[in-house]
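First the structure, in the form of structure tokens, and then the observations on it.
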């Protein structure tokens with residue numbers, strides 16, 4: 001009897017991450033992305049938690065025809081924290097803490113993660129994103145150079 005072996009490359013990654021630089025608020029950017037890419041990105045009910053209680057709103061869409069998933073998240077979260085010192089002259093000090101999903105890419109505003117799409121379709125998505133006036137700059141991140149990949153698992 002013949003023995004057949006199925007060899008599947010383990011290192012093959014079908015996830016692409018696009019870095020988006022835009023000054024637009026997330027809900028307005030989502031409107032333009034949905035219109036241009038014909039998606040239905042919607043805000044998820046539960047925010048993603050990173051670090052010590054940093055909650056990030058995120059948007060997702062499952063494309064059932066292509067068996068793919070699109071998610072968008074802001075890379076930067078700014079929080080105002082009140083710190084009171086007992087013997088301080090200025091008792092109500094307000095500090096701003098900043099947390100990044102990908103700390104090695106601090107200047108990126110948004111991360112668009114696309115899972116399950118072909119290389120040709122990813123190139124088409126990138127070209128459509130470059131044509132949007134609301135996006136200053138967009139490019140694909142090299143997944144091998146991302147140091148904090150675990151933050152992109154959601």
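Some points to look at:
- The gain in end-to-end length when the residue 106 to residue 79 segment is fully stretched comes to 8.2 nm, 0.36 nm per residue minus the alpha carbon separation.
- The alpha-carbon atoms of region 103-154, seen along their principal axes, cover 29, 26, 19 angstrom, with the largest extent given first.
- Kirkwood Rh and Cα Rg combined as Rg over Rh, evaluated for region 15-152: 1.06
Read the figures in this text as sums done on the coordinates, not as results from a lab. The shown structure was predicted, so the numbers you read here are calculated from the model rather than taken from an experiment.
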